[in-house]
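Reading through the structure tokens given below for one structure.
The values are calculated or read from the model by the stated rules, or taken from the named source; none is laboratory data. Just so it is clear, the model here is predicted, and its values are computed rather than measured. Every residue, glycine as well, gets a Cβ built from its backbone with ideal geometry; the counts of neighbours run over all protein chains shown.
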Amino acid sequence: MKAAKPGRAAKPGRAAKLGKAKVSEDFAVASQARYGYDLPYHSRTVRTELERRYGKQNVKSSTVPPSNGKNVKLADQRHPKTNVPFDSKGFPNFEKYVKYDTKLDIQEFRSKGSTGQMRLATKDLAEAIKRGKVRSSAFTTKQLKAIEKGKDKIPGYTWHHHQDTGRMQLIRENLHHDTGHIGWRAMSKGK
């Protein structure tokens with residue numbers, strides 16, 4: 001059935017010509033409008049509706065954090081202590097504070113634990129320094145030694161597991177710690 005243009009009545013369909021009511025079609029259209037199906041998709045709204053229907057404990061997602069996730073309530077706001085902005089889903093946006101940002105091979109990334117993932121990111125950083133993509137002068141001697149050895153920890157910094165699988169961001173350790181948040185590790189488990 002074609003929808004009528006605004007301000008015009010719909011042309012009578014086959015069911016109307018036969019004198020039969022089109023209740024099911026009209027009900028479906030009304031239901032879609034009532035539930036906002038004609039509106040743009042918003043993943044948070046969908047997750048909230050699914051949690052309402054089936055219970056929070058029964059809804060798992062690797063893209064939308066649970067509403068009770070750490071600091072998810074700060075969606076579209078800034079962290080009160082660190083001033084780090086949070087995106088519309090409740091993930092922190094460290095872009096302004098990133099010392100190095102990398103996207104690792106997903107297969108290799110998934111084959112490692114958290115420490116191994118941080119080592120992969122450090123090795124990637126070491127290669128970027130060797131290729132001249134990152135200045136070695138941006139790091140102290142102690143930090144450079146940790147980078148050269150492929151350590152999981154670089155003094156004064158930590159690797160942030162971005163919510164996009166395989167993406168790692170090197171940021172100041174105290175900023176990461178003080179900006180409590182839900183990240184990739186929790187999301188990869190479908191929290």
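Listing for the model above:
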| item | result |
| --- | --- |
| Pair list, Cβ < 7 Å and 6+ apart or interchain, from the range 140-165 residues that are over 17 Å from HIS176 (Cα atoms) to residues that are in a helix (DSSP H, G or I) and among the hydrophobic types (A, V, I, L, M, F, W, C) | ILE147/LEU125; ILE147/ALA126; ILE147/ILE129; GLU148/ALA126; GLY150/ALA126; THR165/ILE106; THR165/PHE109; THR165/TRP184 |
| Residue count for the range 62-88, restricted to those that are touching a Pro at 6+ places or on another chain (Cβ under 7 Å) and at pLDDT below 90 | 2 |
| Pair list, Cβ under 7 Å, 6 or more apart: the range 74-102 residue under 23 Å from TYR157 (Cα atoms), other residue among the hydroxyl-bearing types (Ser, Thr, Tyr) | HIS79/THR179; THR82/THR179; VAL84/THR179; PRO92/THR179; LYS99/TYR157 |
| Enumerated helices (runs of 4 or more DSSP H) restricted to the range 95-191, each holding at least 1 residues that are at pLDDT below 95 | 106-110, 114-130, 173-178, 184-188 |
| Yes/no for THR122 being surrounded by 17 or more Cβ atoms within 10 Å (Cβ to Cβ) and either of a type in the set (Gly, Ala, Ser) or within 30 Å of THR45 (Cβ to Cβ) (or both) | no |
| Of all residues making up the range 77-94, the number that are aromatic (Phe, Trp, Tyr) and in a loop (DSSP other than H, G, I, E, B) | 2 |
| LYS142 vs. criteria within 17 Å of ARG167 (Cβ to Cβ) and basic (Lys, Arg) | no |
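Yes/no matrix, rows are residues, columns are (1) of a type outside the set (Val, Ile, Thr); (2) within 16 Å of PRO85 (Cα to Cα); (3) touching a Leu at 6+ places or on another chain (Cβ under 8 Å):
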site	(1), (2), (3)
LEU144	yes, no, no
GLY150	yes, no, no
ILE154	no, no, yes
HIS161	yes, no, no
THR165	no, no, no
MET168	yes, no, yes
ARG172	yes, yes, no
HIS176	yes, yes, no
GLY180	yes, yes, no
